[in-house]
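Participant: What follows is a structure written as structure tokens; I'll ask about it next.
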Amino acid sequence: MKVVIVGGGNVGTFIASELAKGGHEITIIELEDERVSAAKASGEPEGVRWVLGDACEVDLLRSVPSGAVDVLAAVTGDDEDNIVVSLLAKQELAVPRVIARVNSPKNHWMFNESWGVDVAVSTPHLLTSLVEEAVSVGTLVRLLSFEAGRASLIAVTLASDTKVADQQIMALDFPRDSTVVAVLRGERVIFPRGDTVLAAGDEVLVLVTPDSEADVQATLTER
């Protein structure tokens, strides 16, 4: 898989390093000359190609890949740059999958399909969800959104008086466009089947669409 990462800071280099270990063809585009020179001199991350330049310039973006790009990740520390790069990647290179880093929560609303973004990753929003997940019982917590909100990963920690306790998942009549992907029980991770029985205190992870989310929430939070 060919991946272009825009931004060679700590985030970009870590992503590049991990993907390169998996055998993917990785290119990092970085604006700062010193950072590129240091990376090339050290050979880190190993097996990653570095390109010096401004990815907001469409000519540079077009010249980087040796073939079609499968994924582009815009992970600079500047939201404006990440938005521009995402739009160019989608419109000029027709990249199938564009992922963008959101630095400021107030800018999150812009990172959508209109600007070429398939998946927006906002650290503040993600941390908020994880904190909510840790302290919320009997309520729905949205962990991640995919495909510009067309699917979400949600979590519900079942309350002590939940009505779904001691019931099999297949008996709960979840909507067709929803899937229970995992049940966390104490230190165990259970990959559920239809006959998996839920218990109070379980953290249930469900992949839902906007149309199915309300029904799943009503089922898992009913007491």
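The values are calculated or read from the model by the stated rules, or taken from the named source; none is laboratory data. These numbers were taken from a predicted model, which means no experiment stands behind them. A quick note on method: Cβ atoms are made from the backbone with ideal geometry, for glycine too, and the neighbour counts reach across all protein chains shown.
Participant: Would you mind finding the one in Val36, Val84 that is crowded, with 18+ Cβ neighbours inside 10 Å, over 25 Å from the mean Cα position of the chain (by Cα) and farther than 18 Å from Lys2 by Cβ?
Facilitator: Values: Val84 fails: over 25 Å from the mean Cα position of the chain (by Cα).
When all the criteria are applied, what remains is Val36.
Participant: For the range 167-188, how many residues meet the condition of being outside any loop (DSSP other than H, G, I, E, B) and closer than 16 Å to Ser152 by Cβ?
Facilitator: Start the filter on the range 167-188 by keeping residues that are outside any loop (DSSP other than H, G, I, E, B), which leaves 168-171, 178-185, 188.
From the residues that got through so far, the ones that are closer than 16 Å to Ser152 by Cβ too are 178-182.
Residues in the range 167-188 being outside any loop (DSSP other than H, G, I, E, B) and closer than 16 Å to Ser152 by Cβ: 5 in total.
Participant: Can I ask one more? Which one of the conditions (1) more than 14 Å from Ile154 (Cα to Cα); (2) surrounded by 15 or more Cβ atoms within 10 Å (Cβ to Cβ) does Phe191 fail to meet, given that it meets all the rest?
Facilitator: Status for Phe191: all satisfied but (2).
Participant: With respect to the numbered conditions (1) in contact with a strand residue (DSSP E or B) (Cβ under 7 Å, 6 or more places away or on another chain); (2) surrounded by fewer than 13 Cβ atoms within 10 Å (Cβ to Cβ); (3) not polar (S, T, N, Q), which one is the sole condition not fulfilled by Arg62?
Facilitator: Among (1) in contact with a strand residue (DSSP E or B) (Cβ under 7 Å, 6 or more places away or on another chain); (2) surrounded by fewer than 13 Cβ atoms within 10 Å (Cβ to Cβ); (3) not polar (S, T, N, Q), the lone unmet condition for Arg62 is (1).
For (1) closer than 19 Å to Asp118 by Cβ; (2) in the same structural domain as Asn112 (by TED's automatic domain parsing); (3) out of contact with any Gly (no Cβ under 8 Å at 6 or more places or on another chain); (4) hydroxyl-bearing (Ser, Thr, Tyr), each residue gets a yes or a no:
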site	(1), (2), (3), (4)
Val6	yes, yes, no, no
Ser17	no, yes, yes, yes
Ser37	no, yes, yes, yes
Asp54	no, yes, yes, no
Asp70	yes, yes, yes, no
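Participant: A follow-up question, please. Only one of (1) touching a strand residue (DSSP E or B) at 6+ places or on another chain (Cβ under 6 Å); (2) assigned to a loop (DSSP other than H, G, I, E, B) is not met by Glu46, so which one is it?
Facilitator: (1)
Participant: I've got another one for you. Condition test on Ala16, is it modelled with pLDDT under 95 and touching a Pro at 6+ places or on another chain (Cβ under 6 Å)? Lay out the reasoning, then the answer.
Facilitator: Working: modelled with pLDDT under 95: yes; touching a Pro at 6+ places or on another chain (Cβ under 6 Å): yes.
In short, yes.
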